[in-house]
1. Regarding the stretch 107-115, can at least one residue be identified that is of a type outside the set (Phe, Trp, Tyr), surrounded by 14 or more Cβ atoms within 10 Å (Cβ to Cβ) and within 17 Å of the chain's Cα centre (by Cα)?
2. Only one of 60, 41, 50 is in contact with a helix residue (DSSP H, G or I) (Cβ under 7 Å, 6 or more places away or on another chain) and free of Cβ contacts under 8 Å to residues at least 40 places away in the same chain. Can you tell me which?
3. From the list 214, 197, 238, which one is of a type in the set (Ser, Thr, Tyr), crowded, with 24+ Cβ neighbours inside 10 Å, modelled with pLDDT of 95 or more and at negative phi?
4. Name the pairs whose Cβ atoms lie under 9 Å apart, with the first residue in the stretch 64-75 and free of Cβ contacts under 8 Å to residues at least 40 places away in the same chain, the second among the β-branched types (Val, Ile, Thr) and buried (at least 23 other Cβ atoms within 10 Å of the Cβ), and 6 or more positions between them or separate chains?
5. Being outside any helix (DSSP H, G or I) and either touching a Phe, Trp or Tyr at 6+ places or on another chain (Cβ under 9 Å) or over 22 Å from residue 236 (Cβ atoms) (or both) is the filter; apply it to the stretch 8-32 and report the residue that is farthest from the ligand (Cβ to nearest atom).
6. Does the stretch 133-146 include one or more residues that are among the aromatic types (Phe, Trp, Tyr), outside any strand (DSSP E or B), within 12 Å of the chain's Cα centre (by Cα) and closer than 28 Å to residue 76 by Cα?
7. What is the one condition in (1) within 29 Å of residue 213 (Cβ to Cβ); (2) away from the ligand (no atom under 16 Å from the Cβ); (3) assigned to a loop (DSSP other than H, G, I, E, B); (4) open to solvent by 20 Å² or more (accessible area, probe 1.4 Å) that residue 125 does not satisfy?
8. Could you tell me which residue of the stretch 80-105 is surrounded by the most Cβ atoms within 10 Å (Cβ to Cβ), considering only residues that are assigned to a loop (DSSP other than H, G, I, E, B) and in contact (Cβ under 8 Å) with a residue 40 or more places away in the chain?
Amino acid sequence: MELNVYKDDQALSAAVADMIIGCIKSKPGALLCFATGDSPKLTYRLFAEKVIKNKIDVSKCFIIGLDEWMGISPDNTGSCHWFLHEYLIRPLNISPSQVHLFDAFTKNEPGECDAMNRLIAAKGGVDLMVAGVGMNGHIGFNEPDTDIHSLAHVALLDETTVTVGRKYFAEKVTIDKGITVGLKQVMAAKKLVIIASGAKKAPVIKKTVEDNVSTQFPATLIQKHTKGFLMIDRAAASELKTEFKWHTN
Ligand code: F6R
């Protein structure tokens, strides 16, 4: 794992946007797996701006969503579906044939998971995964104590995820289950980027970096990823004892 600290969210997001562009340039047909939420929002905005400004060809890459809230409509502004459309798919005019997102209303959960598993396998694995980290250490909806060998699955969300998750929704909704790419696929990603910014993530980052690797706090697994990049800002790094690579730009 490489730990990179930037002065603020703007600088770290620009760096991650450049990593996504680098991935697409070196492999135009790359499989990109994207989380939603506050952490990658600016990254996607800057990525879209850079792609348009520099006329980068994104017509061959393939995008999958890391996760989704079960039972939440794709039109709901709190859904992962809506987020990816708003910040990436629509601004970049990405064709529906280049995107696969979980169906939150599936009547066939095993089939829905299987379709994602088969797609990832058929494309030879995820080339670049951009994820955030939850207050309980989750990656995607891989909650504490998820099996390290898990593929895509439906997860019962833990109390922290449900409580924190309310921030995405304008109205009262029931969010008790999520569907997610599994930990095995997260760890098999050829490059794994986890983004965190702001002081509220400081204790989470301290655990991620300094605790023993354990599925009790899934984000610690990034310590073992040889191409894992923990991209954080100064505020999120504020509780670290660990040495890190400090970027001043
Ligand atoms: C969302 C996702 C979640 C979030 C995590 C952090 O697609 O995969 O695991 O990345 O809950 O959320 P934020 O970035 O809003 O703090």
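The values are calculated or read from the model by the stated rules, or taken from the named source; none is laboratory data. As the structure is a prediction and not an experimental result, all values here were calculated from the model. So basically every Cβ, Gly included, is an ideal-geometry build from the backbone, and we count neighbours across all protein chains shown. Keep in mind that these areas ignore ligands, DNA and RNA; they rest on the heavy atoms of the full protein, side chains included. Shrake-Rupley method; radii C 1.70, N 1.55, O 1.52, S 1.80 Å.
1. no
2. 50 is the lone residue from the list that is in contact with a helix residue (DSSP H, G or I) (Cβ under 7 Å, 6 or more places away or on another chain) and free of Cβ contacts under 8 Å to residues at least 40 places away in the same chain.
3. 197
4. So the pair list comes out as 65/36; 65/181.
5. That would be 28.
6. Scanning the stretch 133-146, I find at least one residue that is among the aromatic types (Phe, Trp, Tyr), outside any strand (DSSP E or B), within 12 Å of the chain's Cα centre (by Cα) and closer than 28 Å to residue 76 by Cα, so the answer is yes.
7. Single failed check for residue 125: (4).
8. So, considering only residues that are assigned to a loop (DSSP other than H, G, I, E, B) and in contact (Cβ under 8 Å) with a residue 40 or more places away in the chain, the one surrounded by the most Cβ atoms within 10 Å (Cβ to Cβ) is 102.
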